[in-house]
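Here is the structure we will look at.
The values are calculated or read from the model by the stated rules, or taken from the named source; none is laboratory data. Bear in mind the structure is a predicted one, so any value in this text is a computation, not a measurement. Cβ coordinates were reconstructed from backbone atoms using ideal geometry, including for glycine residues, and neighbour counts include every protein chain displayed.
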């Protein structure tokens with residue numbers, strides 16, 4: 001591997017935050033990195049395999065997945081360029097992976113051996129920065145898994161879809177966003193049946209909640225939960241409108257109460273038929 005050529009491609013990746021090109025090059029040369037290329041549908045790591053490297057997606061998309069003995073697949077995370085995976089196994093005594101990593105497209109992955117990462121006899125400053133970044137990434141990835149757990153905890157399929165679309169709209173800071181999944185993969189991510197997902201999305205479009213074409217979505221209203229309060233957020237033209245609702249009450253009750261208070265506002269035709277499904 002040509003380290004100098006790779007350094008420029010790695011700048012801006014969270015793992016190397018705070019390091020200049022010289023420091024990144026020094027770290028890469030000392031830990032004996034390896035670059036591997038994977039074709040779409042290749043497995044990078046299988047559940048049960050020994051985990052020996054911290055991995056960085058340089059190009060392409062990698063999915064963290066869990067498969068059962070019947071072949072059913074759940075997508076835990078979608079990892080694009082710059083994403084890091086297998087970091088949670090750094091320093092573990094039992095280093096067998098409990099999930100699989102799968103190339104969702106042709107991908108290039110940089111691998112840093114754990115043994116070399118943990119060996120820093122000279123107390124190298126660049127190496128110390130790298131380890132601090134790994135801790136920060138662990139915390140960030142843990143937060144993302146908590147966010148997904150909140151989505152999957154919704155009792156209905158519509159609740160899961162609304163929570164997921166809300167998250168994507170927030171990440172994009174826009175009512176328009178691109179979902180990084182095919183319908184099949186989105187169903188696997190939401191732990192739902194694909195046909196049921198397709199039908200529910202079609203109903204939500206008919207009711208004016210969301211518009212979409214393939215992976216391009218336009219979200220019209222949503223439920224947000226921030227700092228212990230329920231809020232109703234909707235889009236009027238390109239402006240975001242938010243109405244603070246009652247504290248410590250569930251989303252369905254909030255919508256119902258709000259619809260009553262505002263005397264059959266724009267929400268009424270949207271939720272009148274399917275209010276029960278939000279409970």
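Would a scan of segment 164-183 turn up a residue that is under 19 Å from residue 66 (Cβ atoms) and surrounded by fewer than 17 Cβ atoms within 10 Å (Cβ to Cβ)?
yes
So which residues in segment 63-74 are touching a helix residue (DSSP H, G or I) at 6+ places or on another chain (Cβ under 9 Å) and either under 22 Å from residue 37 (Cβ atoms) or not assigned by TED's automatic domain parsing to the domain that holds residue 40 (or both)?
Our first condition is that a residue be touching a helix residue (DSSP H, G or I) at 6+ places or on another chain (Cβ under 9 Å); within segment 63-74, this holds for 63, 65, 72-74.
Once the filter is applied, which keeps residues that are touching a helix residue (DSSP H, G or I) at 6+ places or on another chain (Cβ under 9 Å) and either under 22 Å from residue 37 (Cβ atoms) or not assigned by TED's automatic domain parsing to the domain that holds residue 40 (or both), segment 63-74 yields 63, 65.
Which of (1) at pLDDT below 85; (2) part of a helix (DSSP H, G or I); (3) assigned by TED's automatic domain parsing to the domain that holds residue 30 does residue 147 not meet, given it meets every other one?
Just one mismatch for residue 147, condition (1).
Just to verify a result, which residue in segment 87-100, among those that are outside any strand (DSSP E or B), out of contact with any helix residue (DSSP H, G or I) (no Cβ under 8 Å at 6 or more places or on another chain) and modelled with pLDDT under 90, is surrounded by the fewest Cβ atoms within 10 Å (Cβ to Cβ)?
The initial filter retains those residues of segment 87-100 that are outside any strand (DSSP E or B), namely 87-95, 97-99.
Okay, now just the ones that are also out of contact with any helix residue (DSSP H, G or I) (no Cβ under 8 Å at 6 or more places or on another chain), so 92-94, 98-99.
Still in the running and modelled with pLDDT under 90: 92-94, 98.
Working: 92: 10, 93: 4, 94: 8, 98: 11.
Of everything passing the filter in segment 87-100, 93 is surrounded by the fewest Cβ atoms within 10 Å (Cβ to Cβ).
May I ask you to verify whether residue 81 is assigned by TED's automatic domain parsing to the domain that holds residue 16 and without any contact (Cβ under 8 Å) to a residue 40 or more places away in the chain?
Taking the combined requirement at face value, the residue satisfies it.
Tally time: how many residues in segment 184-217 are in a strand (DSSP E or B), touching a strand residue (DSSP E or B) at 6+ places or on another chain (Cβ under 6 Å) and surrounded by 15 or more Cβ atoms within 10 Å (Cβ to Cβ)?
2
State all residues of segment 72-82 that are closer than 25 Å to residue 115 by Cα and at pLDDT below 90; if no residue qualifies, say none.
Of the residues in segment 72-82, the ones closer than 25 Å to residue 115 by Cα are 79, 81-82.
Correct list: 81, 82.
Identify, by number, the condition in (1) over 22 Å from residue 119 (Cβ atoms); (2) in contact (Cβ under 8 Å) with a residue 40 or more places away in the chain; (3) in contact with a helix residue (DSSP H, G or I) (Cβ under 6 Å, 6 or more places away or on another chain) that residue 21 doesn't meet.
(2)
From 65, 58, which residue is in contact with a strand residue (DSSP E or B) (Cβ under 6 Å, 6 or more places away or on another chain), within 19 Å of residue 80 (Cα to Cα) and crowded, with 20+ Cβ neighbours inside 10 Å?
Details: 58 fails: crowded, with 20+ Cβ neighbours inside 10 Å.
Going through 65, 58 in turn, just one is in contact with a strand residue (DSSP E or B) (Cβ under 6 Å, 6 or more places away or on another chain), within 19 Å of residue 80 (Cα to Cα) and crowded, with 20+ Cβ neighbours inside 10 Å: 65.
Consider residue 138 carefully, then state whether it is in contact with a strand residue (DSSP E or B) (Cβ under 7 Å, 6 or more places away or on another chain), part of a helix (DSSP H, G or I), within 29 Å of residue 7 (Cα to Cα) and modelled with pLDDT under 85.
Numbers: in contact with a strand residue (DSSP E or B) (Cβ under 7 Å, 6 or more places away or on another chain): no; part of a helix (DSSP H, G or I): yes; within 29 Å of residue 7 (Cα to Cα): yes; modelled with pLDDT under 85: yes.
No; evaluated as a whole, the condition is false for this residue.
Residue by residue through segment 46-55, note down the ones that are surrounded by 14 or more Cβ atoms within 10 Å (Cβ to Cβ) and over 15 Å from residue 90 (Cα atoms).
Correct list: 47 only.
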